[in-house]
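Step one of this worksheet: look at the structure below.
The values are calculated or read from the model by the stated rules, or taken from the named source; none is laboratory data. The model shown is predicted, which means the values in this text are computed figures rather than measured ones. Here the Cβ positions follow ideal geometry from the backbone for every residue, glycine too, while neighbour counts run over all protein chains shown.
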């Protein structure tokens, strides 16, 4: 365990997660040529980069020690890994795409969508890393925003800048400061 700033890192777990990501995403899609799988179409120029970026993101996500309440980023990270595997996979080797679209449809419809899916997957994983980082920085306590950080339309459970007394409901921030309390 290492502490960087206010965040604790589990480096061995992060290394295992990165290696597993490379194996789970790179080997079955034959981006990493192992002889276990055969690819019908050549590896495109951007696919190794997606595998590498996903490994880096999963290294960061798994390495950050999350606060007990900050486990909501799990879904985003799983979507990121599964989405990236679908994105870098051979379009003709994808049985679902071939059964729905045929071989020519997989090449003409699914293949152009794959880079977009790769981008969405990387963004989802980056969001998971940011959520975990923020949760780790805040610890078990909820992150409190100051009045300067609160924007119009935010719903807060405490009056920013108050002495810490809780309101009976939530407060909606309006133009010019705190607005009306909603009970509920």
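A few comments on the model shown:
- Boolean, residue 118 is part of a helix (DSSP H, G or I), closer than 16 Å to residue 42 by Cα and touching a residue at least 12 places away in the same chain (Cβ under 8 Å): no
- Meets criteria (in a helix (DSSP H, G or I) and either within 19 Å of residue 133 (Cβ to Cβ) or assigned by TED's automatic domain parsing to the domain that holds residue 80 (or both)) for residue 48: yes
- Lone unmet requirement of (1) surrounded by 14 or more Cβ atoms within 10 Å (Cβ to Cβ); (2) within 20 Å of residue 61 (Cα to Cα); (3) free of Cβ contacts under 8 Å to residues at least 40 places away in the same chain for residue 78: (1)
- The listed residue being under 17 Å from the mean Cα position of the chain (by Cα) and in contact (Cβ under 8 Å) with a residue 60 or more places away in the chain, out of 20, 57: 57
- Residue in region 150-172 that is surrounded by 20 or more Cβ atoms within 10 Å (Cβ to Cβ), in contact with a strand residue (DSSP E or B) (Cβ under 9 Å, 6 or more places away or on another chain) and either modelled with pLDDT under 55 or not in a loop (DSSP other than H, G, I, E, B) (or both) present: yes
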